[in-house]
Amino acid sequence: MFAQLAKNRLIPKLLIVTMLYICALSSVNAGIVTSADLVTQGQHQIDRDKLLQTLDREEVRTALTDSGVDPELAKQRVMSMTADEVRLMNEQMDELPAGAGLLEVALIVFLVLLFTDIMGYTDIFPFVKKTAN
């Protein structure tokens, strides 16, 4: 019976399928996700949304445009910021008095854009010398 299976090439086919299945199983990598991780991830998204809503305000858009920064580009930069950077910007805005700080928000966004331009990640300001290639 073994000889007949070998003649039909069933054993090599079965071995190939088994090896492919084992290789696929070994590449699966799962980790434990805790409730704290999910809450932290949700808080990061809330912080980012809050900052984006601030950039959508008309007076902020006007201040950015007056400073020579495209508001849509500022939104793209906020989307690429790390969670810590977003948290820091939101904390600084929360410390400002209500209705004030428009200039500070524009200045913070301008500095973030300037820093990314100096590092060579963006090409926004033509007067900046790039340090990275």
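The values are calculated or read from the model by the stated rules, or taken from the named source; none is laboratory data. Model, not experiment: these values are computed from the prediction. Cβ sites come from the backbone with ideal geometry, for glycine too, and all protein chains shown count toward neighbours.
The set of residues in the stretch 1-36 that are closer than 30 Å to Arg77 by Cβ and at pLDDT 80 or above contains only Ala36. Of the residues in the stretch 95-108, at least one is closer than 19 Å to Gln53 by Cβ and at pLDDT 80 or above.
Being surrounded by fewer than 14 Cβ atoms within 10 Å (Cβ to Cβ), at pLDDT 80 or above and among the basic types (Lys, Arg) is a description that does not apply to Arg87.
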